[in-house]
Amino acid sequence: MSFTDFFRTASGYPPLPYQAALAEGPLPEVLDVPTGMGKTAAAVLPFLFRQLMDVPGTPRRLIYCLPMRVLVRQVCESIESWLGELAGVFEEAGKPLPTLHM
């Protein structure tokens, strides 16, 4: 499965070029992206894709720190939705579906 297919399955739309680069290339130390350009998807979906594909060096956990509770709820809702859409993909690959802990 390509990252584009993975992203589309999770979100319903194709990734932006910078989001695909995060899944397919080296991870940057800093991600400077304007508001509304899909930073949450850019952090979470490439991480999940790398886990699914057993990319060497992929961390076991993604820790997401946010400054406000309202952002925490928004991010958790997005991640829960993506995990729901991706459940079949992980099952088909024989991998456990990652879990979200708050």
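The values are calculated or read from the model by the stated rules, or taken from the named source; none is laboratory data. Keep in mind it's a predicted model, so treat the numbers as computed, not measured. Cβ: placed from backbone, ideal geometry, glycine included. Neighbour counts: every protein chain shown. Surface accessibility is based on the protein's heavy atoms, side chains included, excluding ligands, DNA and RNA. Shrake-Rupley method; radii C 1.70, N 1.55, O 1.52, S 1.80 Å.
Quick notes on this one:
- Farthest positive-ward along the chain dipole, Cα basis, beta-carbon charges - from SER2, THR35, GLY25: THR35
- The dipole here belongs to the chain: it is taken about the Cα centre, uses +1 on the Cβ of Lys and Arg and -1 on the Cβ of Asp and Glu, and is about 300 debye.
- The chain shape via C-alpha gyration tensor axes, a/c threshold 1.5: rounded
- 1.4 Å probe accessible area per residue over the chain, in Å²: 66 Å²
- Whole-percent carbon and sulfur share, accessible surface of the chain, 1.4 Å: 57 percent
- 20 Å reach of a label modelled at ALA87, 7 Å along Cα-to-Cβ, counting backbone N of segment 8-29: 8-13
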